[in-house]
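Please read the structure below before turning to the comments.
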Ligand SMILES: Nc1ncnc2c1ncn2[C@@H]1O[C@H](COP(=O)(O)OP(=O)(O)OP(=O)(O)O)[C@@H](O)[C@H]1O
């Protein structure tokens, strides 16, 4: 599903460059639940943003569902983003002026669904996430865990095949974090959604099936499969 080939990312600095990612080659198959770990500044968010089509590599190739991302038109890339990819952020990134219902509905408006299709999809997600009673509240009226649930419902609304999550529990208490990780596990195992998360937490990482470790922009090739270690 995802193939990166010799991907580097750098920024100009003085007369030279600062490398954030170096020569990253990586395959992620449909149905995997991958955790990206590494010290602060090692390039985790940058890698996730490239995978989620929010940033472009400076060098190298990215194939999403066998399509060379760098050769796609802007229109096709936006379409891919809207239909195949859901993004979940640490700070939720909900729209403060919109209700829970409207936040979840937003990607469906972009996708061009009609009113009744949108209504039934949002109702389904509200029901699944036990948020029906909260549907007319604004983000500021919710707990952090509830805001993140809305963030995940919004990411799932358009029926993506992959969810990219950047420290999705970074602002949550441990019990809320566990609920979010259990939801991710269920989405992955029952619904078959591919999940790629950045996390600092070994506990969160163990919900997944594989850990990728970054250091100074390099991917550690000895990345382990948790199932092979007998963890799961
Ligand atoms: N636009 C930019 N211009 C210059 N340097 C940048 C830019 N964006 C990111 N960087 C640098 O890239 C490096 C990696 O950043 P990134 O956010 O990917 O790290 P991270 O591993 O996610 O860190 P953290 O765990 O602290 O969130 C950092 O040193 C950062 O300063």
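Coordinate-derived values only; no laboratory data. These figures come from a predicted structure and were not determined experimentally. FYI the Cβ positions are ideal-geometry reconstructions off the backbone, even for glycines, and counts take in every protein chain you see.
Structural remarks
- DSSP bridge pairs, the chain: antiparallel proportion in percent, nearest 5: 55 percent
- Relative exposure of 131, 1, judged by other C-beta atoms within 10 Å (fewest first): 1, 131
- Placing dummy labels 7 Å off each Cα toward the beta-carbon, the span from residue 91 to residue 65 is 3.2 nm.
- Once the Cα atoms are used to define both axes, helix 174-189 deviates from the longest principal axis of the chain by about 80 degrees.
- Helix-only CD estimate at 222 nm, as mean residue ellipticity for the chain, using -39500 (n - 2.57) per DSSP H run (n ≥ 4): -10500 deg cm²/dmol
- Each label point was placed 7 Å from the Cα along the Cα-to-Cβ direction; for residue 182 and residue 120 their separation is 3.0 nm.
- Pairs of Cα atoms farther than 23 Å apart, the chain, %: 49 percent
- Where labels lie 7 Å past Cα in the beta-carbon direction, separation of residue 17 and residue 140 in nm: 4.4 nm
- Using C-alpha pairs below 8 Å separated by at least 6 residues, the relative contact order for the chain is 29 percent.
- The stretch between residue 78 and residue 220, if pulled fully straight at 0.36 nm per residue, gains 48.0 nm over its current Cα-Cα span.
- Highest-first arrangement of 138-151, 108-121, where packing means the average Cβ count within 10 Å: 138-151, 108-121
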